[in-house]
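This report refers to the structure that appears directly beneath it.
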Amino acid sequence: MKLLNTAWCRENRAKPLVFLGAVLFASGVAHLGVYCIDGGAWEGDISWRKPILFGISAGLTSISMGWVWGSLSTWKYDRFLSWTAALALLLEVGLIDLQQWRGVASHFNRSTALDSAIYNVMGLLILWVTGVIIALTVRSFTTPLSQPTPMVIAIQYGLLYLTISCGLGILININGDLRMQHGMPPAQYGDAGVPKFPHGVVIHALQWLPIIAWGAAWAHFSTTTQRRIILFASRASGLLLVYASAVTLLGRARFDAPPELAVVLYVALTTLLGLGAIVISGIFKHLLATRQTPT
């Protein structure tokens, strides 16, 4: 399977996303070390959490985008889009890191002209990255990918959820600015809703869905079984998004859901964990059978 073939990393379209993605990931890990030494609160407007999570998250997203690009047929604008997306992610996370090292908030910070300008630039950068992700998502549905059918499904759903997550992130920024104008907490919806919850709950489906597809292939399940597994996993991921969006719109905290909504979360998590167990069990059975087969 091409996921295990590192040749895609050397593909011209993938190179900038993979290299700068690795830099971003390393930055997040480095800031984790800083947090362990410096300490401080994990939550809050000024916290090492942001350089850590944004670095690791943007790094994984960048690398995954490079992998997807390596599975698509060549387009004349590919290198421009991949380079600009990678640089935009690097600059956005760099600005977040800068604000943390300055000891000021990176998001919803308009206390000075400089802070406001930095926040505006971050918004423009993420708009560009979102546009590139949308283009990549459309191409994944309209252009053949050099991957097996179950992996194609994983890529398509992963990109779709990434697009939705980016769109929600943009809405969060708009809503936050509007709330600030009325003197309300920007990172909140209603009484206790957390807008970043639906924004982040499936943002990494582009990683976990291909991993599930890869595991099902490694287990040597039939193509039909692999396809069913990834479809169930994709739809369960969608239920996570439904739950997170609904509980936030109700103005409730992440896990303060009414019973009928909590069932959605239970079904989603049970399905994903169950599928994970099936795949892992299948891999072990395949490895055991391979070892027992006489040479």
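In this structure, is Tyr243 in a helix (DSSP H, G or I), out of contact with any strand residue (DSSP E or B) (no Cβ under 6 Å at 6 or more places or on another chain), without any contact (Cβ under 8 Å) to a residue 12 or more places away in the chain and within 30 Å of Pro185 (Cβ to Cβ)? Lay out the reasoning, then the answer.
Numbers: in a helix (DSSP H, G or I): yes; out of contact with any strand residue (DSSP E or B) (no Cβ under 6 Å at 6 or more places or on another chain): yes; without any contact (Cβ under 8 Å) to a residue 12 or more places away in the chain: no; within 30 Å of Pro185 (Cβ to Cβ): yes.
No.
Cβ-Cβ below 7 Å, separation at least six or inter-chain, first residue in the stretch 128-157 and under 16 Å from Ala216 (Cβ atoms), second part of a helix (DSSP H, G or I) and among the basic types (Lys, Arg): which pairs?
Note: pairs meeting the criteria are Gln147/Lys2; Thr149/Arg227; Pro150/Arg227; Ile153/Arg227.
For the stretch 203-226, indicate whether the set of residues that are in contact with a Cys (Cβ under 9 Å, 6 or more places away or on another chain) and in contact (Cβ under 8 Å) with a residue 24 or more places away in the chain is non-empty.
Yes, there is a match, as at least one residue in the stretch 203-226 is in contact with a Cys (Cβ under 9 Å, 6 or more places away or on another chain) and in contact (Cβ under 8 Å) with a residue 24 or more places away in the chain.
Filter the stretch 70-106 down to the residues that are part of a helix (DSSP H, G or I) and either farther than 20 Å from Lys15 by Cα or of a type in the set (D, E, K, R) (or both) and list them by number.
Answer for the stretch 70-106, where residues must be part of a helix (DSSP H, G or I) and either farther than 20 Å from Lys15 by Cα or of a type in the set (D, E, K, R) (or both): Asp78, Arg79, Glu92, Leu95, Ile96, Asp97, Leu98, Gln99, Gln100, Trp101, Arg102.
Take the stretch 85-129 and flag every residue that is under 24 Å from Val34 (Cβ atoms) and of a type in the set (Lys, Arg).
Residue satisfying the conditions is Arg102 alone.
Mind telling me which of the residues Ala244, Ala219 ends up being under 26 Å from Ile283 (Cα atoms), surrounded by 19 or more Cβ atoms within 10 Å (Cβ to Cβ) and not assigned by TED's automatic domain parsing to the domain that holds Leu89?
Ala219
The values are calculated or read from the model by the stated rules, or taken from the named source; none is laboratory data. Bear in mind that the values here come from a model prediction, so they are computed numbers and not experimental data. Using ideal geometry, Cβ is built from the backbone for each residue, glycine included, and neighbour counts are taken over all protein chains shown.
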